[in-house]
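Values quoted throughout were computed directly from the atomic coordinates according to the rules given, and no laboratory measurement underlies them. The shown structure was predicted, so the numbers you read here are calculated from the model rather than taken from an experiment. All Cβ positions, glycine included, derive from the backbone under ideal geometry; neighbour counts span all protein chains shown.
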Amino acid sequence: MVRSIVGANWGDEGKGKITDVLAERSDVVVRFQGGANAGHTIINNYGKFALHLLPSGVFHQNIANIIGPGVALDIEKLLAEYDSVVQRGVPNPKLYISDRAQVMLPYHVDFDRYEEERLGKAGFGSTKSGIAPFYGDKYLKIGIQVCQIYDEEILRQRLSSAVEQKNVTLSNLYHKPPIDLEALIAHVKTLGERIRPMVIDTTLYLHKALKEGKTVLLEGQLGSLRDPDHGIYPYTTSSSPLAGYGTVGAGVPASAIKDVYCVTKAYSSCVGAGPFTTELFGDEAKELRDRGGDAGEYGATTGRPRRVGWFDAVATRYGCMVQGATEAVLTNLDVLGYLDQIPVCTAYEVDGKTITDFPSTPTLMRCKPVYTLLPGWKCDVRGVTEWDKLPENCKNYIAFIEKELQVPIHMISTGPKREEMLYR
Ligand code: GDP
């Protein structure tokens, strides 16, 4: 059986914590897309961790963690993260890397940076981890799969062809020094040797595991609205964060996905550029940002202050829909306890009309939020684990959101720690 944990919004919904919680009941945890460009914050018995590439099952010794073929594999970052987790007392995690995953090359990171520099203010808020150039090359078929590293002839032929093209762009568009092919080949070979013991056919592994009745958890990165097809293009990422893509990026049968847990915060937060209808500014934003998350809303990978806003039911309903959510998981409920009244965006106003379906980007950029005001509960619900212990207004807030999303909410997170969880 396959379950997936994915984001309903712009990323940073708290998927890491939910994966850590649900990992306990899983045999395999798989990363199926994205790379080191976003982070999951996990707080457990070992301490606080910001995982970027490692699957969130690494804290459980019985779990196999997999980097699927759909991931942008930054080998140096993955190994550094592995070492840092082990150094902090976590027993050596079981980690497998797909022989079909493609490798992040140093020039992908350089091109990402150069392109953001070239675009200036018109940039997309890239984290400059090489993600867009990496996926661009993958689909241009000039990327390097892990399995190709171990065949010197293939590696040399492919890299020299790619580098020829890259060097033209480097000198003519970006005015930067060319890539040294020999140094690059040596670098990639060294990295390949370092991961060699972990490289397997993960697709075969997963299919076997499923035949044996094991439970596989697909761990999404970012969220629906960053999907290149269904999100706020071009302010999206370059791989699909949708549960549906999990079948491709992990390598499991589509029919095997039974549960899609779509994670959303009790308010909104967003890192990066693009339309964000319920965005707050000034003191109101500062207060929510500083109270949000486990230590304020600042990016787990970049440290950038996150943009924050009220809960957007229009965007989140759409986010759950495109994920095919079987349930929504609400996180950061405890953050809202300071408010007398809590606005929830239940419609958009655009071109003199009121709409409740999430529009495509050019229209979205003109949308203004229409709010419904709900009464706050004015107390601290941090760490509450029983539904009946929640104040009435808090229960009503959850019930209101559930009705708006049109998917059930059974799991509610009332704090960043693993045990701060309520099952309704
Ligand atoms: P992810 O990428 O979806 O895993 O999200 P991040 O880890 O980047 O961001 C979620 C933030 O919220 C982190 O700082 C978490 O520690 C924190 N967090 C998760 N659940 C809760 C919660 O229920 N309450 C509070 N206060 N913080 C939470």
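Quick rundown of the values:
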item	result
Cα pair distances of the chain binned at 10 Å [whole percent]	5, 22, 31, 25, 13, 4, 0
In order through region 226-242: 3J(HN,Hα) via Karplus (6.51 cos²θ - 1.76 cosθ + 1.60), integer Hz, x for Gly, Pro	9, 6, x, 9, 9, x, 8, 3, x, 8, 10, 8, 10, 10, 7, x, 8
Cα centroid of region 82-121 to Cα centroid of region 169-209, whole Å	11
Neighbour cut-off at most 14 other Cβ (10 Å), DSSP loop, trypsin sites (Lys or Arg not before Pro), region 1-72	ARG25
Assigned charges on the beta-carbon of Lys, Arg, Asp, Glu; region 358-424 dipole about Cα centre (debye)	260
Cut-off under 5 Å, modelled amide H: who pairs with VAL263 long-range	VAL6, GLY7, ALA8, VAL329
Segments 318-328, 93-103, 285-295 sorted - mean Cβ within 10 Å per residue, highest first	318-328, 93-103, 285-295
Exposure proxy order (Cβ contacts within 10 Å, fewest to most) of ILE67, ILE342	ILE342, ILE67
Charge dipole magnitude, Cβ of K and R +1, D and E -1 - region 1-59, Cα centre, debye nearest 20	20
Selected from GLY120, ALA64, ASN167, residue furthest toward positive end of dipole (the chain; charges at beta carbon)	ALA64
Pairs of lysines in region 290-424 (C-alpha under 27 Å apart; 8 or more residues apart or interchain)	11
Magnitude of the charge dipole, the chain, Cβ model with Lys/Arg +1 and Asp/Glu -1, debye to 20	240
For region 135-141, Karplus couplings with θ = phi - 60° (6.51, -1.76, 1.60), whole Hz, Gly/Pro x	5, x, 5, 4, 7, 7, 6
Relative exposure of HIS207, HIS230, judged by other C-beta atoms within 10 Å (fewest first)	HIS207, HIS230
Helical mean residue ellipticity (222 nm; -39500 (n - 2.57) per DSSP H run of 4+; nearest 500) of the chain	-9500 deg cm²/dmol
Charge dipole of the chain about the Cα centre (unit charges at C-beta), most positive-ward option of ILE409, VAL260, THR385	VAL260
